[in-house]
Amino acid sequence: MKHNFGAGPGILPHEVLKQAAAAVVDFNGTGLSLLEISHRSPEFEAVLAEALKLVKELFSVPDGYSILFLQGGASTQFALAPYNLLPEGGKAAYLETGVWASKAIKEAKFFGDVQIVASSKESNFTFIPKDFEIPADAAYLHFTSNNTIYGTQVQKFFPSPVPLVCDMSSDIFSRKVNVADFGLIYAGAQKNMGPAGVTLVIVKDELLGKTNRKIPSMFNYQTQIDGGSMYNTPPVFAIYVSMLTLNWLKAKGGVEAIEKENATKARVLYEEIDRNPFFKGVAATEDRSHMNVCFVAENPDHQKPFLQLCDEKGIVGIKGHRSVGGFRASIYNALSINSVYVLIDAMREFAEKNK
Ligand code: PMP
């Protein structure tokens, strides 16, 4: 058995994978594969409707918001957010907490004036800046809720005079969020929601149509809303597997229940990192992510042999991102606490062997 700590595409529940595999051969007894039926068939329309309903229910999306399943990943949303929300000649505020935030900033500059309200770039993004002012004349404030590469997470959302736009790619559905506090939430699916290929967008309807821009149909949230996420052929398989994963989450007790499990997984792992003299954490303690736990070996010579030990134990995907080094244990929703204990045991065994 493998313990999949990969950062993304990340671990999915085993039963979801089994159901998805079966649907590829024979979808719900239709004698046809899910991959070869019309997206406008009643069978697929039911899948899409169920997936949308689950998002609304699990994330308590209030009325006045539209839920969309789009393509192009979170990286496309880096451009579509300003395209749809930043008026011609307007200004947007951005918080820079990592490479993904920097990429969002780069795209926003195509559409208007970008003000970086704070950045932790100088310290290689080891913390989330907190004392910054949000310009009241900005169209929105954009930030990344969880910085997948650096293992930092915004633990308390900011009170803001302008709508919040948030990239939740790596912590969506991992904790309770008050959607009403946000103007726009987007997330590539491939960590907690499903496979790569579909991107979730939750947008407050009243913010749309105010930019004075001409927006091509596929890039226009309003066209996608009007088309019910089916303006063109949607990524049927990714939506189906997302629906299964959200159903799995619901059966587990929903976001509130998984938030508690995630907090326990994170706590026991950070406790070991802090206790074990062979390892140390990377992120500022108060900003530590409950999704991506980044740590390094105190002795750089221990990097390789620890990875080797992990490999022997079936622990995979634990090598840190090249810009941080060390190790990154991604402990997404579908990763069981047992896998976390396997990693902790490996850390203890390593310390014992090398003392
Ligand atoms: N934002 C965050 C926080 C991410 O972790 C990632 C991918 N790991 C992205 C954006 C980019 O997503 P995509 O590859 O779906 O464009």
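Would you check if Ile134 is over 15 Å from the mean Cα position of the chain (by Cα), surrounded by fewer than 24 Cβ atoms within 10 Å (Cβ to Cβ), away from the ligand (no atom under 16 Å from the Cβ) and hydrophobic (A, V, I, L, M, F, W, C)?
Taking the combined requirement at face value, the residue satisfies it.
Looking at region 304-324 only, could you name the residues that are free of Cβ contacts under 8 Å to residues at least 24 places away in the same chain and within 19 Å of Tyr270 (Cα to Cα)?
Kept after step one, since they are free of Cβ contacts under 8 Å to residues at least 24 places away in the same chain, are these residues of region 304-324: 304, 307-308, 311-312, 319, 322.
Within region 304-324, Leu307, Lys319 qualify.
Would you confirm whether or not region 150-167 contains a residue that is free of Cβ contacts under 8 Å to residues at least 40 places away in the same chain, part of a loop (DSSP other than H, G, I, E, B) and within 15 Å of the ligand (Cβ to nearest atom)?
No, there is no match, as no residue in region 150-167 is free of Cβ contacts under 8 Å to residues at least 40 places away in the same chain, part of a loop (DSSP other than H, G, I, E, B) and within 15 Å of the ligand (Cβ to nearest atom).
Where in region 1-119 are there strands (runs of 3 or more DSSP E), lying wholly inside it, with at least 2 residues that are within 16 Å of the ligand (Cβ to nearest atom) and modelled with pLDDT of 95 or more? Even if it seems obvious, please write down each step before you answer.
Working: elements: 65-70, 91-96, 113-119.
In region 1-119, 65-70, 91-96 are the strands (runs of 3 or more DSSP E) which contain 2 or more residues that are within 16 Å of the ligand (Cβ to nearest atom) and modelled with pLDDT of 95 or more.
If you scan region 137-149, which residues turn out to be surrounded by fewer than 24 Cβ atoms within 10 Å (Cβ to Cβ) and assigned to a strand (DSSP E or B)? Spell out how you get there, then give the answer.
The first filter runs over region 137-149 and keeps only residues surrounded by fewer than 24 Cβ atoms within 10 Å (Cβ to Cβ), leaving 137-138, 141, 149.
Hit for region 137-149 is Leu141, nothing else.
So the check is Cβ under 7 Å with 6+ separation or different chains; which pairs have a first residue in region 286-298 that's under 9 Å from Thr148 (Cα atoms) and a second one that's of a type in the set (Ser, Thr, Tyr) and in a strand (DSSP E or B)?
Ser289/Thr152; Met291/Ser330; Asn292/Ser330
Please give the number of the condition Ser242 fails out of (1) closer than 30 Å to Phe327 by Cβ; (2) not in a helix (DSSP H, G or I).
(2)
Do we find a residue being within 16 Å of the ligand (Cβ to nearest atom) and not in a helix (DSSP H, G or I) anywhere in region 202-219?
yes
Within region 183-191, identify whether any single residue is assigned to a loop (DSSP other than H, G, I, E, B) and touching a helix residue (DSSP H, G or I) at 6+ places or on another chain (Cβ under 7 Å), and answer yes or no. Explain how you work it out, then say what you get.
At the first step, the residues of region 183-191 found to be assigned to a loop (DSSP other than H, G, I, E, B) are 189-191.
Imposing the further condition that a residue be touching a helix residue (DSSP H, G or I) at 6+ places or on another chain (Cβ under 7 Å) reduces the set to 189.
There is at least one residue in region 183-191 that is assigned to a loop (DSSP other than H, G, I, E, B) and touching a helix residue (DSSP H, G or I) at 6+ places or on another chain (Cβ under 7 Å).
Being outside the structural domain of Val203 (by TED's automatic domain parsing), out of contact with any strand residue (DSSP E or B) (no Cβ under 8 Å at 6 or more places or on another chain) and either within 21 Å of Gly253 (Cβ to Cβ) or not basic (Lys, Arg) (or both) is the requirement here; does Pro42 meet it?
Numbers: outside the structural domain of Val203 (by TED's automatic domain parsing): no; out of contact with any strand residue (DSSP E or B) (no Cβ under 8 Å at 6 or more places or on another chain): yes; either within 21 Å of Gly253 (Cβ to Cβ) or not basic (Lys, Arg) (or both): yes.
When the stated conditions are applied, Pro42 does not pass them.
Can you give me the number of residues within region 245-269 that are small (Gly, Ala, Ser), without any contact (Cβ under 8 Å) to a residue 40 or more places away in the chain and in a helix (DSSP H, G or I)?
So in region 245-269, the residues small (Gly, Ala, Ser) come out as 251, 253-254, 257, 263, 266.
Those left that are additionally without any contact (Cβ under 8 Å) to a residue 40 or more places away in the chain: 251, 253, 257, 263.
Then keep just the ones that are in a helix (DSSP H, G or I); that gives 251, 257, 263.
Residues in region 245-269 being small (Gly, Ala, Ser), without any contact (Cβ under 8 Å) to a residue 40 or more places away in the chain and in a helix (DSSP H, G or I): 3 in total.
On the basis of being assigned by TED's automatic domain parsing to the domain that holds Tyr65, more than 12 Å from the ligand (Cβ to nearest atom) and among the hydroxyl-bearing types (Ser, Thr, Tyr), does Thr144 make the cut? I'd like the intermediate steps shown before the answer.
Values: assigned by TED's automatic domain parsing to the domain that holds Tyr65: yes; more than 12 Å from the ligand (Cβ to nearest atom): no; among the hydroxyl-bearing types (Ser, Thr, Tyr): yes.
Spelling it out, it is not the case that Thr144 is assigned by TED's automatic domain parsing to the domain that holds Tyr65, more than 12 Å from the ligand (Cβ to nearest atom) and among the hydroxyl-bearing types (Ser, Thr, Tyr).
Sort through Val342, Val236, Val241 and tell me the only one that's closer than 30 Å to Leu52 by Cα and touching a His at 6+ places or on another chain (Cβ under 6 Å).
Working: Val342 fails: closer than 30 Å to Leu52 by Cα; Val241 fails: touching a His at 6+ places or on another chain (Cβ under 6 Å).
That would be Val236, the only listed residue that is closer than 30 Å to Leu52 by Cα and touching a His at 6+ places or on another chain (Cβ under 6 Å).
Which is within 16 Å of the ligand (Cβ to nearest atom) and under 22 Å from Phe44 (Cα atoms), of Ile239, Ile172? So that I can check it myself, show each step before the final result.
Details: Ile172 fails: under 22 Å from Phe44 (Cα atoms).
None of the other options fit; the residue is Ile239.
The values are calculated or read from the model by the stated rules, or taken from the named source; none is laboratory data. Note that this is a predicted model, so its numbers are computed, not measured. We place every Cβ from the backbone using ideal geometry, glycine too, and count neighbours over all the protein chains shown.
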